[in-house]
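One structure is given below, encoded as structure tokens.
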Amino acid sequence: MSQLLKAVGMIVLSVVSVFVALTVVATVLVAFANYSGSSRDPQTTVTDEEALSTWKMTLAPALDDLNSLQDPPKVLSDEPARVTPCAIDESDGSLAQLDAWKSWTAEAVRDGPARSLDAVLPEIRSGYSEIVKAMVARGWTDETGVRAETENGVTEPVMTTLTRANGDVRVRLRIDMYTDWIIAGLKFPGAPRGCRLAD
């Protein structure tokens, strides 16, 4: 009987050992597949340097204007205005072209817990007004016409369109206000596409 128990024990031990070995091998194979897949899956972008230079040269005065603004009280800029490089949009894997913008976030929500907002924060509303006035004071022309403002400023953003000439090009600055942040985006006619995916 003890011989039988020993034999059964040896069989069980062998089965467990084989199962553990198979699990280790499977884990290694999956890790290797993920590693090798990730090394060839990510797409890389190529920037047309001439197009990038055109963007930077055309928008340089506008970028300087945005970067010389003092942040409104309780509204902080996220980073300096600049021409953003070519990139892959992580949300959907699409190619993001050259762009130029600056944004500001309400200090109250920047580092605090996420919260649902049903109206524009007062500091955002006053900060937005300050930013628009400061840009007009720097020589930008308000060409907004009818402003896209809703009763609470949530359903659609409040938007202001400003323009200013840089040589023969009229640069357009659109400033949008949301519940807890502001974004200013720059465009110009005939802006060249400067990004493509690597072959």
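The values are calculated or read from the model by the stated rules, or taken from the named source; none is laboratory data. This one's a predicted model, so the numbers in the text were calculated from it and none came from an experiment. We place every Cβ from the backbone using ideal geometry, glycine too, and count neighbours over all the protein chains shown. Areas reflect the complete protein model, heavy atoms only, side chains present, ligands, DNA and RNA absent. Shrake-Rupley method; radii C 1.70, N 1.55, O 1.52, S 1.80 Å.
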Next item on the list: With a 10 Å radius around each residue's Cβ, average the other Cβ atoms per peptide and rank 79-90, 180-191, highest first.
Entry: 180-191, 79-90
Check: So if R0 is 22 Å, what FRET efficiency would D92 and K56 give, r being the distance between their Cβ atoms, rounded to the nearest 0.05?
Finding: 0.25
Note to self: Sequence gap at least 6, Cα distance under 8 Å: using those rules, report the relative contact order of the stretch 44-197 to the nearest whole percent.
What the structure shows: 30 percent
Note to self: Can you give me the accessible area per residue for the stretch 59-109, using a 1.4 Å probe, in Å²?
What the structure shows: 49 Å²
Item checked: Listed peptides 95-104, 130-139 by packing density, highest first (mean Cβ within 10 Å) -> 95-104, 130-139
